[in-house]
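Below: the structure, in structure tokens.
The values are calculated or read from the model by the stated rules, or taken from the named source; none is laboratory data. Computed from a prediction, not measured in an experiment: that's the story for all the values here. Quick reminder, even Gly has a Cβ in these numbers, built from the backbone with ideal geometry, and neighbours come from all protein chains shown.
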Amino acid sequence: QRFCELRSLAGGRSGRGFKLRSVDNNNPVEVTMVRCAASVCIAGGTSISGAFDLFMEDCAMIGNGQEGLTADNLTGNVGEVSRLLARDCVFSHNGSEGFDVDLATSGDPGTGRWVLRLEDCEFSNNVRDGCLIDCDYEGQAGWFARFEIEGCEARGNREAGFHLDVDAQATSHFHRTIAAANGTEGVLISSESAPGTVVIDTSAITGNRA
């Protein structure tokens with residue numbers, strides 16, 4: 001297992017605040033980001049691509065030209081549980097989505113799982129969706145994801161507050177979550193090919209325009 005730890009770092013007024021890449025899909029990198037900030041970057045605040053287990057706490061991605069955080073092709077590890085945890089983080093006033101994660105596989109034979117948990121995070125005033133999670137592993141039998149969104153708030157985004165595009169097997173649970181005053185849906189669940197389960201409890205979805 002490879003490790004990377006980033007603590008109390010700030011990036012701004014550059015192309016990207018933080019750029020993480022991994023080309024070895026069979027050996028994920030465990031990345032911990034604590035009290036890191038990326039603001040007013042020309043492109044995105046944090047850009048991730050490849051096989052990672054990501055743990056974020058008390059981070060802020062604010063006012064960037066593109067996404068606050070984008071994980072394009074976050075690649076699952078065959079035979080393992082790949083994880084992404086964000087706690088007490090802020091993704092706001094970005095020029096595209098606040099938080100954008102695309103789950104993918106390497107195409108190698110085998111199966112695997114993801115667990116993605118967002119806890120006490122804010123997604124506000126972004127130009128597109130506040131939080132977008134996209135399952136891009138349709139057609140890969142045996143892969144499965146679980147999304148847990150608890151204590152989060154999506155407010156004032158121009159498109160959906162929370163958007164889950166679950167085109168492959170996944171279950172989703174919203175608990176103690178607020179989606180308010182967004183330009184389209186408060187919570188948007190879309191799927192083209194795979195049935196799944198979504199549970200929303202003890203939450204408020206109010207004042208959205210669609």
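Would you say Arg146 is within 18 Å of Cys121 (Cα to Cα) and either of a type outside the set (Ser, Thr, Tyr) or at pLDDT 95 or above (or both)?
So Arg146 fits the description; yes.
Out of (1) of a type outside the set (Gly, Ala, Ser); (2) touching a Ser or Thr at 6+ places or on another chain (Cβ under 9 Å); (3) closer than 27 Å to Ile62 by Cβ, what's the single condition that is false for Val78?
Here Val78 clears every test but (3).
Among (1) more than 19 Å from Arg35 (Cα to Cα); (2) in contact with a Phe, Trp or Tyr (Cβ under 9 Å, 6 or more places away or on another chain), there is one condition Arg117 misses while meeting the rest; what is its number?
Among (1) more than 19 Å from Arg35 (Cα to Cα); (2) in contact with a Phe, Trp or Tyr (Cβ under 9 Å, 6 or more places away or on another chain), Arg117 violates only (1).
Could you tell me which residue of region 154-177 is nearest to the chain's Cα centre (by Cα), considering only residues that are more than 24 Å from Ser106 (Cα to Cα) and surrounded by fewer than 19 Cβ atoms within 10 Å (Cβ to Cβ)?
Result: His173.
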